[in-house]
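In what follows, a structure is listed as structure tokens, so that the remarks can point back to it.
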Amino acid sequence: MAYRTDFGIAIVGAGIGGLGMGMTLKRQLGFDDFVIYERDSDIGGTWSANTYPGCASDVRIHGYCYSNILKPDWEKSRGSQPEILSYLLDVTEKYDLRTHCVFNTSVSKAQWDDLTSVWRITITNGKGEVSFISAKVLVSAMGVLVEPNVPAFPGVNDFKGPTFHSARYRHDVDLHGKQIAVVGNGCTAAQLVPSISEDPTVNVTQYCRTPMWYVPGPHIPYSSFWKRVYATVPFAMRLHRIRSQTIHDLGWFLIGYRLPFMSAKAQKSLTRYIMAMAPKEYASKMTPDYAPGCRRIILDNDYLSSLHRPNITPVFHGVGSIAEDGIIGEDGVHRPCDVIIYATGFVVDKYRTEIRGRSGKSLDDFFEEQGGPTAYLGTTVPDFPNFMLVQGPNTTTGHASVIFSEECQFNYAIQLFKPILRGELESVAPTDGATTRYNDWLQARISSSVWTQCSSWYRAGGTGKIFSNFPGPLVLFWWLTLTPRWSDYDVRGRRKDAWKRKRNMISILRGMCFLVAVAGLPLALQAQAAGIINIAPLGRALTGMRNLFSFMRP
């Protein structure tokens, strides 16, 4: 794209969130005055960065795609990293999003300018060259599971062999015939360990500090028959997608939140699964003492069965320190190794870019004041006008597809920023009061959830405020983000009064159309048939209302 310094919208990140926002701008508004900055060399975000062996989605793949671009020919029920990345490349080409992308470029700072109502943004390219641009709206789509977390173990820099995080996997390191130490036993490790241990010459020692819950999550191949059905039978693929999303959403919600007896039943069932699948000498050590759902439940494809291999040795202790030639566990035992792979998660409660709002306060400062990441509907932040967080605080369930909640955010943000892009308003930001009320309601619901019963990455600092999960089914989040409640926003601009009159008139007309549709439709149809009136304008008005739900349709 030609170099420019001013844009309608600046999007940070070309992963699922950034691409989805760009696509929604084009689809719903026909708007293309936006730029996407990506620090890596191509699109994909986490699906470009994470290339470790076995990397795949643990959500059913027909639910892990954009609602308007379903794919009938997924190979398996859980998509592999290469296949998901290929899907995102196809989406990029279909909506010509690559022309909006600036690669190998990071946003290092953004400051709101209240005099001109724009964001002043500092960008740095791969050569270290600094430039400055401005945008009316700033969208942060940098993702959550991005920045690798390598614990500061004593002696972490002393090891003489190769060490790397799973999210920065080194394919140039040959594991054949080597002793490998894998630190961590979360979702990544459950995919990585079975994959690298398929080579019988590779000996894996896995450090498992905290037991995890597992449920069956096989990667079932789709036959050519089902691919044809999804491609040719109307609504078949969409119905399958709805079923998958409902299982993930409501199923986990019932287990982990509202019905304690369901959680107890699930705990017994999952315990039986671990006892049946894991080697007998490990099973009791691998059974957690906390409720299912408190930490992310692992979808088990072949991890537990792989522990029967003679070349895998789990160690049920954490890492004490790192030596030149191996790891000393918390049990004091020195275990030599040739390579260390950290599957230790990500930094999730710190913001990676300096963003400063109307008062000059940074986003990190605001989060710290609130005891952890906080936003209104997980999307907008008080004192940060014309700013959006994609996959912001408390927008996911921990087990359902993040793409669904992100699409809810896209639809919400489009309505919020439309008057900005049209010049009807200059800035919008949620009020402090609305943000406080929403988060008080949120945390009250969370307080009775299973997530409070243990430490996890769902919480600030591991033990503090729960900032990741939404306390309810995602259909509730969809309802809350269906349309903005403008009374919860600080709206500014010289044409603000005219915009308010227009909005009030539209609301009145929509209400009247709804009443006419419900109460007067039979009479109107008779009058239409008799040639007395023409109700086509009413149909167009109702179609306009239906457009509020357009992100749900292909």
statement: Listed by range, helices (runs of 4 or more DSSP H) wholly within the range 432-526 having at least 2 residues that are modelled with pLDDT of 90 or more and exposed (fewer than 12 other Cβ atoms within 10 Å of the Cβ) are 432-446
field: Answer from R309, R335 - the residue that is part of a loop (DSSP other than H, G, I, E, B) and either buried (at least 17 other Cβ atoms within 10 Å of the Cβ) or not assigned by TED's automatic domain parsing to the domain that holds P430 (or both)
entry: R309
statement: Within the range 209-255, the count of residues that are surrounded by 16 or more Cβ atoms within 10 Å (Cβ to Cβ), in contact with a Ser or Thr (Cβ under 8 Å, 6 or more places away or on another chain) and part of a loop (DSSP other than H, G, I, E, B) comes to 3
message: Can you tell me which residue is surrounded by the most Cβ atoms within 10 Å (Cβ to Cβ) among those in the range 1-36 that are under 18 Å from the mean Cα position of the chain (by Cα) and not in a helix (DSSP H, G or I)?
response: I11
- request: Please find, among Q206, Q191, the residue that is in a helix (DSSP H, G or I) and either touching a His at 6+ places or on another chain (Cβ under 6 Å) or surrounded by 15 or more Cβ atoms within 10 Å (Cβ to Cβ) (or both).
  value: Q191
message: I want to confirm something. Restricting to the range 408-431 and keeping residues that are more than 18 Å from L389 (Cβ to Cβ) and part of a helix (DSSP H, G or I), which single residue is nearest to the chain's Cα centre (by Cα)?
response: K418
task: Those residues that are among the charged types (D, E, K, R) and either buried (at least 22 other Cβ atoms within 10 Å of the Cβ) or part of a helix (DSSP H, G or I) (or both), I need them from the range 354-395; list them, please.
output: D364, D365, E368, E369
message: Just to be sure before I move on: is T122 part of a strand (DSSP E or B) and surrounded by fewer than 17 Cβ atoms within 10 Å (Cβ to Cβ) in the structure I sent?
response: yes
field: Close pairs from the range 465-488: first on the phi > 0 side of the Ramachandran plot, partner surrounded by 18 or more Cβ atoms within 10 Å (Cβ to Cβ) and not in a helix (DSSP H, G or I), Cβ under 7 Å, at least 6 apart
entry: none
task: Can you confirm whether the range 313-327 contains a residue that is surrounded by 18 or more Cβ atoms within 10 Å (Cβ to Cβ) and either in contact with a Leu (Cβ under 9 Å, 6 or more places away or on another chain) or without any contact (Cβ under 8 Å) to a residue 60 or more places away in the chain (or both)?
output: yes
- request: Inspect the range 71-90 for any residue being out of contact with any Pro (no Cβ under 6 Å at 6 or more places or on another chain) and in a strand (DSSP E or B) and give the result as yes or no.
  value: yes
- prompt: Restricting attention to the range 119-134, does a residue exist that is closer than 23 Å to G54 by Cα and at pLDDT below 95?
  reply: no
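The values are calculated or read from the model by the stated rules, or taken from the named source; none is laboratory data. Model, not experiment: these values are computed from the prediction. Note that each Cβ is placed from the backbone with ideal geometry, even for glycine, and that neighbours are counted across all protein chains shown.
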